[in-house]
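Report on the following structure.
The values are calculated or read from the model by the stated rules, or taken from the named source; none is laboratory data. Not measured: the values here are computed from a predicted model. Here the Cβ is made from the backbone with ideal geometry for all residues, glycine too, and neighbour counts use every protein chain on show.
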Amino acid sequence: MGNQERDLLHKACEDDDTMLLDKAISMTAAGDLESFYNIARYSAIRNNAMAILNDLIERGVRVTPRWPSDAKGASKETLEFLLAQGWDINAQGDSGNHKQPFMWLVATDYNLVKWCLEHGASARCQQILEIVAARGSIATFDLLRSKGAPLGWRPLHVAVETATFFPPGDKYNDVKHAERMAMVHYLLDVVGLDVNAPDQPVGTKLLPMHSGTPICYISDAMDGRDHRGLTWLLLDRGADPTDALRFAKPDYSNFAEDVKAWKAWKEKQAGDGWEAKQGGDRREAKEVGDRRKAKQSGDKSFTW
């Protein structure tokens, strides 16, 4: 298929113009029609071109998405149309880049996740909560858990990771950082995830992009942002930094310094607490002694 036919097809889908589609088809060689219709289906779905989709159906062309990702960006109206044509919303592709069902691809959009669940999407796969923990909202996490989504191995780990890493344009975006920190707090304090949980089954071969316990994902941070608050949060909740310190990269991470500062602060807190307790004990002892002296003095004043 030549560039002219391809450009005309894209224009037809952008404008939802069946006359342009007819013209593009008439210019396409018979041997190229299968490829043409594959592109037409994809482009029509992405552009919500309902007239084009209906025209393709009349020509006997299957319009349901070839891959789950083909439906990403389509309107709810278009998605409902595809379901009516037999699209399986839980379908998975057979290649590495297309194995996630459609709902996994829109997991950062609460309203779309809700729509998917209302239209037959299954939440019973551990990876979806990892996606939401990394990039979605607490409301979406709650919704999926209520529908039976299992926690899996790494929701806290990836939440910590994305609280330390942002694309260059978002590196100092305080709003996005606060959202990711809120997710970490939620997973620790509401969901109650183990702050020292491994990120894969114990004894299995180390998987790519896996670093260990949640705090290990901070020691790998490279974006230059100050992560002391996050490090101290995990340490306060009982995180063991031993492995993270072993593999921390000193050239671009302040992790070791933050752990050292936290330990010094805890020791000071413990010392201040002991001193405060000693001072309280001394005050209490003095007050007891004063009361005893007052009683003894009172008893003597009434002695005949």
| Filter result (outside any helix (DSSP H, G or I) and either loosely packed, with under 14 Cβ neighbours inside 10 Å or small (Gly, Ala, Ser) (or both)) within the range 91-101 | ALA91, GLY93, ASP94, SER95, LYS99
| message | Return the pair list, or none, for Cβ contacts closer than 6 Å from residues in the range 123-141 that are within 16 Å of PHE165 (Cα to Cα) to residues that are surrounded by fewer than 18 Cβ atoms within 10 Å (Cβ to Cβ) and among the β-branched types (Val, Ile, Thr), at least 6 apart or on different chains. | response | ARG135/THR108; GLY136/THR108
| Going through the range 102-120 one residue at a time, which ones are assigned to a loop (DSSP other than H, G, I, E, B) and surrounded by 20 or more Cβ atoms within 10 Å (Cβ to Cβ)? | VAL106, ALA107
| remark: Of LEU117, LEU143, the only residue that is in the same structural domain as ALA84 (by TED's automatic domain parsing), aliphatic (A, V, I, L, M) and more than 12 Å from the chain's Cα centre (by Cα) is LEU117
| message | Yes or no: the range 188-210 includes at least one residue that is part of a helix (DSSP H, G or I) and β-branched (Val, Ile, Thr). | response | no
| note | Those residues of the range 29-50 that are surrounded by fewer than 16 Cβ atoms within 10 Å (Cβ to Cβ) and under 24 Å from LEU112 (Cα atoms) come to a total of 1
| message | Which count do you get for residues in the range 121-140 that are under 16 Å from the mean Cα position of the chain (by Cα) and assigned to a loop (DSSP other than H, G, I, E, B)? | response | 5
| Among residues of the range 72-117, those that are of a type in the set (Gly, Ala, Ser) and in contact with a Gly (Cβ under 8 Å, 6 or more places away or on another chain), counted | 1
| query | If you take the residues in the range 233-249 that are part of a helix (DSSP H, G or I) and within 22 Å of the chain's Cα centre (by Cα), which one is nearest to ASP194 (Cα to Cα)? | reply | LEU234
| query | Of the residues that make up the range 170-185, is at least one among the hydrophobic types (A, V, I, L, M, F, W, C), at pLDDT 95 or above, buried (at least 21 other Cβ atoms within 10 Å of the Cβ) and out of contact with any strand residue (DSSP E or B) (no Cβ under 6 Å at 6 or more places or on another chain)? | reply | yes
